[in-house]
1. Check SER231 against each of (1) modelled with pLDDT under 95; (2) assigned to a helix (DSSP H, G or I); (3) not acidic (Asp, Glu) and name the one condition it does not meet.
2. Within region 171-192, track down each residue that is part of a loop (DSSP other than H, G, I, E, B) and either in contact with a Leu (Cβ under 9 Å, 6 or more places away or on another chain) or among the polar types (S, T, N, Q) (or both).
3. Give, as residue ranges, the helices (runs of 4 or more DSSP H) completely inside region 46-138 that count at least 1 residues that are surrounded by fewer than 17 Cβ atoms within 10 Å (Cβ to Cβ) and out of contact with any helix residue (DSSP H, G or I) (no Cβ under 8 Å at 6 or more places or on another chain).
4. Does region 59-80 hold any residues that are touching a His at 6+ places or on another chain (Cβ under 9 Å) and β-branched (Val, Ile, Thr), and which are they?
5. Inside region 253-303, can you point out the residues that are among the polar types (S, T, N, Q) and at pLDDT 95 or above?
6. Can you confirm whether ALA137 is touching a residue at least 12 places away in the same chain (Cβ under 8 Å), touching a Lys or Arg at 6+ places or on another chain (Cβ under 9 Å) and over 20 Å from GLY77 (Cβ atoms)?
7. Of the residues that sit in region 209-244 and are of a type outside the set (Gly, Ala, Ser) and more than 25 Å from the chain's Cα centre (by Cα), which one is surrounded by the fewest Cβ atoms within 10 Å (Cβ to Cβ)?
8. Do we find a residue being β-branched (Val, Ile, Thr), in contact with a Phe, Trp or Tyr (Cβ under 6 Å, 6 or more places away or on another chain) and in a helix (DSSP H, G or I) anywhere in region 143-150?
Amino acid sequence: MKRAPKIQTHVVPPQGIIKNLICCYLLLSFFIGIKAGITADSEGPLSDEVPIEGPPLFKTIEGAKTYIVQHQNKDGGWPLIPGGDSNVEGTAFAVWALIDAGWGTGSQVVRMGVQYLRNMQWDNGSWNNNTAHTTFALVALATAETDPEVRFKGLRWVKKAQNRSGGWGKKERSPDNVLYTAAVLAGFRRLGFKQNFEPISKGADWLAEGINFDGGWALERGGRSDVFITSWVVQGLETVYDIDVQIAWLKQFQNDDGGFGRYKGSPSDPEITAIAVMALAAGNDPLNTRRIAINYLTNIRQEDGSFISNTPIELSEPIANLQSTCFVLIAIHAKTPDELAVEQ
């Protein structure tokens with residue numbers, strides 16, 4: 001090992017060297033500042049006093065992330081409405097959305113959310129004895145790359161809760177339900193399961209039988225085709241069926257402002273638009289329709305980063321809420337089947 005040369009402290013450096021040292025110090029301070037900013041962003045929200053600058057899409061993403069993190073409860077979970085009680089579904093969406101948007105899986109925010117989900121799992125492996133809640137919790141934990149034993153227990157319960165018909169109801173042994181079946185299958189798709197996973201093929205066959213004559217789906221078989229329901233169903237069918245026709249069906253319901261409403265001519269809604277964007281991604285849409293829809297979302301975001309909707313069934317009127325905001329963030333980062341294949 002070479003000995004380090006001694007510094008001649010009595011030698012006065014030339015003026016040019018002094019200038020170089022000052023420049024290096026300023027550059028070092030600049031990069032340290034950037035690193036500190038990145039660390040703060042990965043561990044917590046930006047201050048309300050610091051406006052988010054940049055292109056509309058960047059502001060939308062960063063605003064939604066900040067809004068979500070700011071409204072995490074002390075127990076680690078998230079509520080539907082800021083200030084409310086934490087719930088499993090909202091927490092699953094928040095963890096899923098933040099990680100998809102680049103939040104570190106090892107951050108305190110994510111760790112607290114994961115701990116909340118872990119604590120809320122029932123002894124039978126489910127979350128709330130609810131097929132959708134359990135599936136979304138599994139997606140969140142898988143996205144956070146944690147708790148394989150907890151996930152296995154939950155997955156085993158979801159498989160057990162499937163009816164003989166192939167569909168799922170809200171709870172174990174409850175009647176088949178289009179939305180719950182679609183949500184479970186969409187979650188399985190996100191988890192990386194393929195057609196050869198028997199619950200997927202059986203569930204997809206059950207869903208396919210319920211298609212309306214116009215190419216869409218309704219909550220009740222034979223009812224009015226619904227963009228929201230169809231968008232979930234399309235995601236659930238992708239691993240088993242060719243969904244090109246359904247994607248074409250969905251595109252015709254896009255409003256002039258770029259968003260989607262629940263029915264033809266219905267006003268655009270951010271959560272319904274987000275779910276439609278997720279369906280379009282599942283159909284390998286070449287970004288054109290998705291880009292227009294995402295542009296609609298950037299135009300209607302609130303100053304605090306939230307989105308206003310009454311799509312969550314608990315709400316009777318449109319209001320800023322965590323669920324809709326999370327789905328917007330998830331939709332913006334939604335992956336096509338080709339992109340998911342690369343990741344998996």
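1. The single condition SER231 does not satisfy is (1).
2. Hits for region 171-192 are SER174, ASN177, GLY192.
3. Passing ranges, in order: 56-70, 108-120.
4. Across region 59-80, the qualifying residue is only ILE61.
5. Within region 253-303, GLN254, ASN255, SER266, SER268, THR273, ASN295, THR298, ASN299, GLN302 qualify.
6. Numbers: touching a residue at least 12 places away in the same chain (Cβ under 8 Å): yes; touching a Lys or Arg at 6+ places or on another chain (Cβ under 9 Å): yes; over 20 Å from GLY77 (Cβ atoms): no.
In short, no.
7. Going through the qualifying residues, I end up with PHE213.
8. Filtering region 143-150 for residues β-branched (Val, Ile, Thr) gives 143, 146, 150.
Filter again for in contact with a Phe, Trp or Tyr (Cβ under 6 Å, 6 or more places away or on another chain), leaving 143.
After this cut, where a residue has to be in a helix (DSSP H, G or I) as well, the list is 143.
Yes, region 143-150 contains a residue that is β-branched (Val, Ile, Thr), in contact with a Phe, Trp or Tyr (Cβ under 6 Å, 6 or more places away or on another chain) and in a helix (DSSP H, G or I).
The values are calculated or read from the model by the stated rules, or taken from the named source; none is laboratory data. Small disclaimer: the values here were computed from a predicted structure and weren't measured. All Cβ positions, glycine included, derive from the backbone under ideal geometry; neighbour counts span all protein chains shown.
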